[in-house]
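Engineer: Input: one structure, supplied below.
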Amino acid sequence: MYAGTASRTVHKLAKSDGAVEAVYQCDAAIYSCATSPGGQYVFAGDSASSVYCFSADGTRLWKLATGYGSAFSMQYLDERLYIVTTDGSLACIDATEQAIAAAREGTVPQPRDVKIAASLPVVEPSITVETTTDTGDGVLVECFSEGGRLRIRVLSPGYENWNVQFPREIREPGARYVVEGIRPSGNGGFYRAFGDIRRLV
């Protein structure tokens, strides 16, 4: 577990007993932090609009100004570091091995500013659902009313009695749907539907 602190550090803590395993020194209070898989790289965003990259042993590899405010939150995914800043920007930072090595040598690419044009047409989501008469290898779920709300539950065997996160615009009381798959949420307690959704007729 990694925790950013107001004392200008990021602490790596053991999950078992909270012991400090490593400390990453920054230059200002830390608002956010993230790591690549296995903690190979540790990233931090401070209150002075800078982002840091450290190796696992605590060596600072680079420090860069965001140019868009302080990173209030960040997440690492597929060799990219995504940050949301205090000025309302969403930024993506290249965190590949090559980009980190280049940053250590002082080579940083020019940022691209992407804005959504106000004149772009708004595409309304489709509420048309394909139908099927066979569940096949899919998971059968059902829409039911509970306390005035439409909810979804799994009918296929082998699942917990949890509700399913499901598109609201296609829910109809009593309707049954075949979904490609069902996965538990990260914290448990409910499922998420993924893949194709078809109505059983």
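Rule-based calculations on the coordinates, nothing more; no lab input. Here the structure is a predicted model, which is why all the values come from computation and not from measurement. Please note: Cβ atoms are built from the backbone with ideal geometry, for glycine as well, and neighbour counts cover all protein chains shown.
Engineer: Over the C-alpha atoms of the chain, what are the Rg and the largest Cα-to-Cα span, Dmax, in Å?
Structural biologist: That works out to 22.9, 62 Å for Rg and Dmax.
Engineer: Same structure, new question: So what is the 222 nm mean residue ellipticity for the chain from helices alone, if each DSSP H run of at least 4 adds -39500 (n - 2.57) and you divide by all residues, rounding to the nearest 500 deg cm²/dmol? List each step's numbers first, then the result.
Structural biologist: Details: 1 runs with 8 residues, N = 201.
It comes out at -1000 deg cm²/dmol, rounded to the nearest 500.
Engineer: Still on this structure, I have one more. With both bridge residues required to lie in region 130-200, what share of the DSSP beta bridges run antiparallel, to the nearest 5%?
Structural biologist: Values: 18 of 23 bridges.
Roughly 80 percent of the beta bridges in region 130-200 run antiparallel, per DSSP.
Engineer: Okay, moving on. Compactness ratio of region 2-104: Cα Rg over 2.2 N^0.38 Å, N = residue count? List each step's numbers first, then the result.
Structural biologist: Values: Rg = 12.7 Å, N = 103, 2.2 N^0.38 = 12.8 Å.
Taking N as the residue count of region 2-104, the ratio is 0.99.
Engineer: Hey, can you rank 59-68, 29-38, 15-24 by average C-beta count inside 10 Å, highest first? Let's see the in-between values first.
Structural biologist: On the way: 59-68: 14.8, 29-38: 17.9, 15-24: 11.3.
Those peptides, ordered most packed to least, come out 29-38, 59-68, 15-24.
Engineer: Roughly what % of DSSP beta bridges within the chain run antiparallel, to the nearest 5? Walk me through the numbers before you get to the answer.
Structural biologist: On the way: 52 of 57 bridges.
Counting only bridges with both partners in the chain, antiparallel ones make up about 90 percent.
Engineer: Rounded to a whole number of µm²/s, how large is the Stokes-Einstein D of region 130-200 at 25 °C and 0.890 mPa s, given Rh as the Kirkwood radius over C-alpha pairs?
Structural biologist: Numbers: Rh = 12.1 Å.
So the translational diffusion coefficient is about 202 µm²/s.
Engineer: Suppose each label sits 7 Å from its Cα in the direction of the beta carbon; what would the R183-A101 distance come out to in nanometres?
Structural biologist: Here the answer is 3.2 nm between the modelled labels.
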